[in-house]
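The values are calculated or read from the model by the stated rules, or taken from the named source; none is laboratory data. The structure displayed is predicted, hence computed values, not measured ones. Here the Cβ is made from the backbone with ideal geometry for all residues, glycine too, and neighbour counts use every protein chain on show.
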Amino acid sequence: MSRRLKLILAAGIGLAAVLGTTTAYAMMQDASAELRASGQVGEQADGYLGLVGSAPAAIRAQVDAVNIKRRAYYTDLAAKRAAKIEEVAATTACELFRTKVAPGQYYRLPDGVWRQRDGNTPIPLPSYCG
Amino acid sequence: MKPAMLTRLRASATQGAMRRANFLLAAPLILSSAGCVQLSAPEKPIEINLNINIRQEVVVRLQQDVRDLIKENPGVF
């Protein structure tokens with residue numbers, strides 16, 4: 001009896017762990033999209049997420065976490081393609097401006113000004129974006 | 001007697017409604033003053049560092065790799 005109880009308990013704990021990991025993974029899956037959608041975070045021409053205003057600490061922490069991962073990917077690709085990290089990052093920004101910033105979401109060009117994407121109008125890209 | 005009681009009841013009902021109305025009038029004031037507190041300026045200006053010179057040919061060369069990178073890491077980009 002007590003052995004059976006232990007088995008049931010173990011199964012329960014296992015299930016909870018799996019569910020927890022799945023939820024955490026699902027949240028990680030669209031962390032940057034959710035941050036952009038919050039209106040407190042936008043895409044910058046330097047290839048990183050930025051805070052549009054004074055955001056709560058929880059948002060800041062998420063932005064930092066995403067940016068650290070981005071930096072790692074940029075560094076990796078830059079080494080692979082014999083390019084500068086800034087060049088990979090800027091190229092990524094061009095692509096994110098094109099495909100990931102939804103209408104009403106914020107973006108920041110090299111002039112440093114935060115702007116909101118106006119409806120379905122494409123974001124005016126810096127000339128180097130090609 | 002009856003009309004007088006009704007009038008009294010009505011009067012008290014109106015007072016109750018006014019009290020409620022007063023509260024409703026005050027609510028936006030309280031809320032707006034709470035909003036004002038949050039509208040303070042950010043603590044420090046956020047820096048954007050793009051004063052390096054990006055050449056278009058480099059961007060074109062990296063474009064496909066970057067597209068793959070974005071597609072493979074949906075949570076980060």
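Could you run through the stretch A:67-125 and say how many residues are among the hydrophobic types (A, V, I, L, M, F, W, C) and not in a helix (DSSP H, G or I)?
The number of residues fulfilling the criteria is 9.
Which number in (1) within 9 Å of chain B (Cβ to nearest Cβ); (2) surrounded by fewer than 19 Cβ atoms within 10 Å (Cβ to Cβ) marks the one condition that A:G39 misses?
(1)
Quick one: A:A72 ticks every box in (1) closer than 17 Å to A:R108 by Cα; (2) surrounded by fewer than 20 Cβ atoms within 10 Å (Cβ to Cβ); (3) modelled with pLDDT of 95 or more except a single one, so which number is it?
Single failed check for A:A72: (1).
Can you pull out every residue in the stretch B:52-77 that is modelled with pLDDT of 95 or more and more than 7 Å from every other protein chain (Cβ to nearest Cβ)?
The answer is B:R61, B:Q64, B:D68, B:K71, B:E72.
Determine which single condition A:L5 fails, assuming it passes every other condition in (1) at pLDDT 95 or above; (2) more than 16 Å from the chain's Cα centre (by Cα).
(1)
Condition first: of a type in the set (S, T, N, Q) and either in contact (Cβ under 8 Å) with a residue 24 or more places away in the chain or facing chain B (nearest Cβ under 10 Å) (or both). Now tell me which residues in the stretch A:73-124 satisfy that.
A:T91, A:T92, A:T99, A:Q105
Collect the residues in the stretch A:84-125 that are charged (D, E, K, R) and either closer than 18 Å to B:F77 by Cα or crowded, with 18+ Cβ neighbours inside 10 Å (or both), keeping them in residue-number order.
A:E86, A:E87, A:E95, A:R98, A:K100, A:R108, A:R117
Filter the stretch A:66-78 down to the residues that are touching a helix residue (DSSP H, G or I) at 6+ places or on another chain (Cβ under 9 Å) and among the hydrophobic types (A, V, I, L, M, F, W, C), then identify the one that is farthest from B:R61 (Cα to Cα).
Only one residue fits best here, namely A:V66.
In the stretch A:42-70, what residues are more than 10 Å from chain B (Cβ to nearest Cβ) and charged (D, E, K, R)?
Answer for the stretch A:42-70, where residues must be more than 10 Å from chain B (Cβ to nearest Cβ) and charged (D, E, K, R): A:R60, A:D64.
Among (1) surrounded by 18 or more Cβ atoms within 10 Å (Cβ to Cβ); (2) in a loop (DSSP other than H, G, I, E, B); (3) not basic (K, R), there is one condition A:Y128 misses while meeting the rest; what is its number?
So the condition that A:Y128 fails would be (2).
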